[in-house]
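What follows is a single structure, written as structure tokens, with notes after it.
Readers should treat all values here as calculations from the given coordinates under stated rules, not as data from a laboratory. What you see is a predicted model, and the numbers here were worked out from it, not measured in a lab. Neighbour counts run over all protein chains shown; Cβ positions are idealised from the backbone, glycine included.
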Amino acid sequence: MTTLDVYGVAQSRAARVLWMVRELGLDFQHHDIGFRTGETTTPEFLAINPNARIPAIVDGDLKLWESMAINLYLARKHGGPLQPATLEDEARAMQWSFWVMTEVEKPLLAMLFNRAILPEDQRQADVADCSEQDLQRPLKVLDGEVSKRPYLLGQDFTVADLNVASVLTWAKVAKLDLSYYPAIADWLERCTARSAAK
């Protein structure tokens, strides 16, 4: 039997892969390696991901990195309710996964670092505030979509929701006020209330 190996500390983008494998009920080996410890620059890890970044997986002969690609692959391979039901919905799941990385993650991370992670004397309030402004347009887009239906692709939670919600889980710590986006707040609560998310 092939073992799925997942590399990366849970306090990183690996969290979304760990959420996915738990949603799917997969047997897996978690290698709790971090980027600050030098573990990602060992020859053994560089053979898995030459970018020296986490997360990464090894699934049989496949070595795969980039959290969104990993989750889309796992959904497709293992099927079930997380896999979009049609080719069109699979394309929409990819669309939302790329969208959250290009439109939301960078400004949200800037807020997170400048409001919570960096030492107080290194935080830049203007960077956080500007990033929050940059998020207004994409958040309006998402709020409009999840106000129409319970989940991004319809009535059921899929990999599209998991991928987008996994980025937005940083909103609370980043002090992003979602009260202006009530549909997002409700949708995010539904997504993160799932047992695999916890």
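Figure the gain on full extension for Thr102 and Ala183 (residue separation times 0.36 nm, minus the Cα-Cα span) and round it to one decimal in nm. Please list the in-between numbers first.
Numbers: separation 81, 0.36 × 81 = 29.16 nm, distance 2.12 nm.
Gain in length upon complete extension: 27.0 nm.
Would you work out the charge dipole size for the chain about its Cα centre, treating the Cβ of every Lys and Arg as +1 and the Cβ of every Asp and Glu as -1, and quote it to the nearest 20 debye?
On the way: 21 positive and 27 negative charges, 37 e Å.
Its charge dipole is roughly 180 debye.
Just the number, please: Stokes-Einstein D of segment 4-81 in µm²/s, Kirkwood Rh from C-alpha pairs, 10 °C, 1.306 mPa s. Display every interim value, and only then the final one.
Values: Rh = 12.4 Å.
Rounded, D is 128 µm²/s.
What 222 nm value per residue comes from the helices of the chain, counting each DSSP H run with n ≥ 4 as -39,500 (n - 2.57) and dividing by all residues, nearest 500 deg cm²/dmol? Present the calculation step by step, with values, prior to reporting the outcome.
Numbers: 8 runs with 90 residues, N = 198.
Result for the chain, helices only: -14000 deg cm²/dmol.
Using the Karplus equation 6.51 cos²θ - 1.76 cosθ + 1.60 (θ = phi - 60°), what ³J(HN,Hα) coupling, rounded to whole Hz, does each residue of segment 162-169 give in order, writing x for Gly and Pro?
4, 5, 6, 5, 4, 6, 6, 5
For the chain, build the charge dipole from Cβ charges (+1 Lys, Arg; -1 Asp, Glu) around the Cα centre, then report which of Gly38, Thr86, Ala110 sits farthest towards its positive end.
Positive-most Cα among the choices belongs to Thr86.
In whole Hz, what ³J(HN,Hα) sequence does segment 26-36 give by Karplus (6.51, -1.76, 1.60; θ = phi - 60°), x for Gly and Pro?
Going residue by residue, I get 7, 7, 8, 10, 9, 9, 7, 9, x, 8, 8 Hz, with x marking Gly and Pro.
Over what distance in Å are the Cα centres of segment 47-81 and segment 85-102 separated?
About 17 Å separates the Cα centre of segment 47-81 from the one of segment 85-102.
Roughly how big is segment 84-192's charge dipole about its Cα centre, with Cβ charges of +1 (Lys, Arg) and -1 (Asp, Glu), in debye to the nearest 20? Please list the in-between numbers first.
Details: 11 positive and 18 negative charges, 18 e Å.
Taking the Cα centre of segment 84-192 as origin, the dipole is about 80 debye.
Let me check the size of the chain from its C-alpha atoms; what are the radius of gyration and Dmax in Å?
Every Cα atom of the chain included, Rg and Dmax give 17.1, 52 Å.
From the P(r) of segment 84-192, can you give the percent of Cα pairs sitting at distances over 24 Å? The partial results should precede the final answer.
Details: 1420 of 5886 pairs.
That fraction is 24 percent.
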